[in-house]
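In what follows, a single structure is set out as structure tokens and then discussed.
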Amino acid sequence: MSAICDGRVVVVTGAGRGLGRAHALAFAAQGARVVVNDLGVGLDGTPGADSPAAQVVAEIRAAGGEAVAHGGDIATTEGARSLIAAAVETYGRLDTLVNNAGFLRDRMLVNLDEDDWDAVLRVHLKGHFLPLKHAAAHWRSEAKAGRTPVARIVNTSSGAGLLGSLGQGNYSAAKAGIVGLTLVAAAELARYGVQVNAIAPAARTRMTERTFAETMAAPTAGFDAMAPENVSPLVVWLGSAASEGVTGRVFETEGGRVTVMEGWRAGPSADKGARWDPDEVGDTVRKLLARAESPGAVYGA
């Protein structure tokens, strides 16, 4: 029986550890040839002694798969361009891009430095946009040449981006931005044969082990609900041809649970047909809120 990703070429960013590593191994196990990107930086984004990407490539090859390492900074134009080129030049094609790279610099807002804001927005949001842009340009060229791809992009948001998270204003803003980017990309790129979705995963990684240390479920007999490998099957399916017709969606996934997230929709509304005065609109808003669903709680509140 053929595997779900036989013949596909998949790029995974931030694939040296945690979720990215799990995704890369899972794609390879399903027959994909994988470009493993990792800059090899620390949890706060500072350079490490060496990149772990080569270690993941070695794991894939030891299991009989095909993979190459890429150590470029995907939050730069040249790094993102070379990432897509690595797939096309090595394997002759690109089918799936998984944007996963990221790190944390958590502070309460009043203590959050501008550099901490810029660094997190750069790696998460810009680090999604640039690989997506260069992959999309490649697929557009393919489509215009009469070779419409069966292309997939899987972006990585977070519950923090959907609901907010105390002490993570920069991270929450970046992850919320990724949802907006996903929706726009899904609409713009459909004509070129590209589907774009996002996941909001919960798993034990370097980024989350301290943030959620007290709330994460402990492993139980036979099933570790917080293992990053639990997230990868959904990512592999979204990155495969089998997900035909699924685009512009956000999925929350944790352990054995998958949830389709439903975003902003028009709720209770009132239209006066003329300009409101402040007191009048205030009374109306309170009546509307009484009929509306309550928002989910901010993480940590």
Revision key, fill the gap. In region 137-163, anything assigned to a loop (DSSP other than H, G, I, E, B), free of Cβ contacts under 8 Å to residues at least 24 places away in the same chain and not hydrophobic (A, V, I, L, M, F, W, C) is listed as GLY146, ARG147
**Study point:** Members of region 14-24 that are surrounded by 24 or more Cβ atoms within 10 Å (Cβ to Cβ) and at negative phi
**Key:** ALA15, GLY16, LEU19, GLY20, ARG21, ALA22, HIS23, ALA24
Check your understanding: So how many residues does region 85-121 have that are under 20 Å from the mean Cα position of the chain (by Cα) and closer than 23 Å to VAL10 by Cα?
Key -> 11
Point to revise | Those residues of region 17-37 which are at pLDDT 95 or above and out of contact with any strand residue (DSSP E or B) (no Cβ under 7 Å at 6 or more places or on another chain), in sequence order | key: ARG21, ALA22, LEU25, ALA26, ALA29, GLN30, GLY31
Check your understanding: Does any residue of region 147-156 turn out to be among the hydroxyl-bearing types (Ser, Thr, Tyr) and surrounded by fewer than 21 Cβ atoms within 10 Å (Cβ to Cβ)?
Key -> yes
Check your understanding: Could you say which residue among ALA185, ALA241 is under 19 Å from the mean Cα position of the chain (by Cα), at pLDDT 95 or above and crowded, with 20+ Cβ neighbours inside 10 Å?
Key -> ALA185
Revision key, fill the gap. The number of residues in region 38-72 that are in a loop (DSSP other than H, G, I, E, B), surrounded by fewer than 19 Cβ atoms within 10 Å (Cβ to Cβ) and either at pLDDT 95 or above or over 22 Å from the mean Cα position of the chain (by Cα) (or both) is 5
Exercise for review: Six or more apart or on different chains, Cβ under 8 Å: which pairs go from a residue in region 225-253 that's more than 14 Å from GLY31 (Cα to Cα) to one that's assigned to a loop (DSSP other than H, G, I, E, B) and among the basic types (Lys, Arg)? Could you list them?
Suggested key: MET226/ARG204; ALA227/ARG204; PRO228/ARG204
Review point. Do the conditions hold for ALA101, that is, is it surrounded by 20 or more Cβ atoms within 10 Å (Cβ to Cβ) and assigned to a helix (DSSP H, G or I)?
Key: no
Check your understanding: Restricting the search to region 254-271, which residues are farther than 25 Å from ALA24 by Cα and of a type in the set (S, T, N, Q)?
Key -> SER269
Practice item. Answer with yes or no whether TRP264 is within 26 Å of ARG204 (Cβ to Cβ), over 14 Å from the mean Cα position of the chain (by Cα) and not in a strand (DSSP E or B). Key: no
Review point. In region 273-283, is there at least one residue being touching a Pro at 6+ places or on another chain (Cβ under 7 Å) and at pLDDT 95 or above?
Key: no
Review point. Taking region 248-260, which residues are part of a strand (DSSP E or B) and either among the polar types (S, T, N, Q) or within 14 Å of LEU238 (Cβ to Cβ) (or both)?
Key: VAL250, PHE251, GLU252, THR253, VAL258, THR259, VAL260
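The values are calculated or read from the model by the stated rules, or taken from the named source; none is laboratory data. Because the structure is a prediction, the values reported are computed rather than measured. Backbone-built Cβ (ideal geometry, glycine too); neighbour counts: all protein chains shown.
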